Amino acid sequence: MGNIYKTLFLAVFIWLASCRIDKRLDNSSSNKTLTPYILDYPLEITAPVVSIDNPLTEEGIALGRKLFYDKILSANNTQACATCHDLKFGFSDTNKFSKGIDGILGTRNAMPLFNLDWKIHGFFWDGRSPNMEAQALQPIQNPIEMHETLGGVVAKLKAHPEYPDLFKQVFGTADIKPEMVGKAIAQFERTMLSFNSTFDKLNLNQKYLSYSHKILNGDTNSFHQISSSVERGMLVFYMANQRFSAHCSHCHGSQPRGKDLLFTDDRYHNNGLVTFPDSGRASFTKNPYDMGFFITPSLRNLAYTAPYMHDGSLKTLKDVIDHYVNGVQNLTDPITKTDFSKPLPLTQSDKDDLLNFLLSLTDSSFIDNPALKAP
């Protein structure tokens, strides 16, 4: 009898779940329905945090995509979000510092945009914005960037021949509010998923488990017997406390499983590149402990996102590797478990392998995704 009840419960649960997935979001004010959008990400990845008050819909994403590429968001209609976040550069750009509408340079490197739905510890290099909806509105108001006001943007959108109807379809009213702009852009940004790199396609996480088991059990020859440079580089990246370890995984994922496949711990660290007067996270928190701390960026798509670091000071991936391997004198991060002030015992071959592994995290299908290009 118990099995019968279990079977009945399972059937009802599946029926309710399917109804929930197929349900259309009703927008009673506009008397139209919205089509839910389901994020498609690998099963190995921890489920992202879902925004309850800003559910993904195809119509909302389309509106956000249009806004993301529209220069109407800037004061003089010359720059869009996509100006500094260009898809072909992983939604970043190639400049050390991006230039705003008045020709003024910013003070930090433009961050790439992808897999943002897994970020839970704030946005921007210093984490000053709690969520994507709020983050999307800050560059609009920044006097160095778009140098516009939210009131000015709203006025232009209301006077536009298309936007009032689009906002009414998504939000049920043509009376556009700033928070609607942030919500729409955030919906589009949540679709910027990148999980189709060489690393993913070769399922290297499974090979890592096999290799690491042998090495940790005393098979010291296993590392040198691996013929693939990418696979050797993977071990250089991940395996702590080994002669060939670069200790990257302390901040970019302890093991290639679950959330670690994002290649960031989504935390703040001192990378040894304190550039005064930029105090990093401390400029937001006002806490001396956070001096020189910046969010750990994902290592995916590094082939597209140069220059590197929060200040764009390292032009190539070789520079980044040498920065850590040669000894970081100014690194005072108590969170990092490794003393990076001393040079690491990596050979040139180790560094070459590590570079090849980092490049294997490149997802060429991401920058060619037609759904992410300008509408």
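Read-outs: derived from the displayed coordinates by stated rules, not from any lab. These numbers were taken from a predicted model, which means no experiment stands behind them. Reconstructed Cβ throughout: ideal geometry from the backbone, glycine too, with neighbour counts over all protein chains shown.
A few notes on this one:
- Sum of -39500 (n - 2.57) over DSSP H runs of 4+, divided by residues of the chain (222 nm, nearest 500): -10000 deg cm²/dmol
- Cβ-placed point charges (K, R +1; D, E -1), dipole of the chain about Cα centre in debye, nearest 20: 320 debye
- Cα extents for region 266-375 along the principal axes, largest to smallest and rounded to whole angstrom: 45, 40, 22.
- Full-stretch length increase - N95, T149 - with 0.36 nm per residue and alpha-carbon distance subtracted: 16.9 nm
- For the chain, the longest principal axis of the C-alpha atoms and the axis of helix 178-189 are separated by about 50°.
- Projected label distance in nm at K373 and Q329, using a 7 Å step from Cα toward the beta-carbon: 4.9 nm
- Based on Cα atoms of region 24-121, Rg over Rh with Rh as the Kirkwood radius reads 1.04.
- T33/H160 FRET efficiency (R0 22 Å; Cβ-Cβ; nearest 0.05): 0.35
- Distance in nm between pseudo-label sites at H213 and L359 (7 Å out along the Cβ direction from Cα): 3.1 nm
- Computed label-point distance, nm, for sites K177 and A134 using a 7 Å Cα→Cβ extension: 1.7 nm
- Cα gyration tensor shape of region 23-193, rounded if a/c is under 1.5, else prolate or oblate by comparing a/b with b/c: oblate
- Cβ-based exposure ranking for L67, L34, in which fewest neighbours within 10 Å come first: L34, L67
- Within a Gaussian network of the chain (alpha carbon springs, distance under 10 Å), most fluctuating of V325, V154, V50: V50
- Relative packing of peptides 360-366, 294-300 - highest average C-beta neighbours within 10 Å first: 294-300, 360-366
- If you model the chain as an ellipsoid using its alpha carbon gyration tensor, with each semi-axis the square root of five times an eigenvalue, the axes come out at 38, 30, 17 Å, biggest first.
- Rounded to 10°, Cα long-axis angle of helix 204-216 versus longest principal axis of the chain: 30 degrees
- Three semi-axes of the equivalent ellipsoid, region 198-366, Cα gyration tensor, whole Å, largest first: 28, 17, 15
- Put the Cα centre of region 103-135 next to the Cα centre of region 193-261 and the gap is 29 Å.
- Relative protection proxy for 276-289, 227-240, from highest mean packing down: 227-240, 276-289 (other beta-carbon atoms within 10 angstrom).
- Segment D319-T46, extension gain: residue separation times 0.36 nm, minus the distance between their alpha carbons: 95.1 nm
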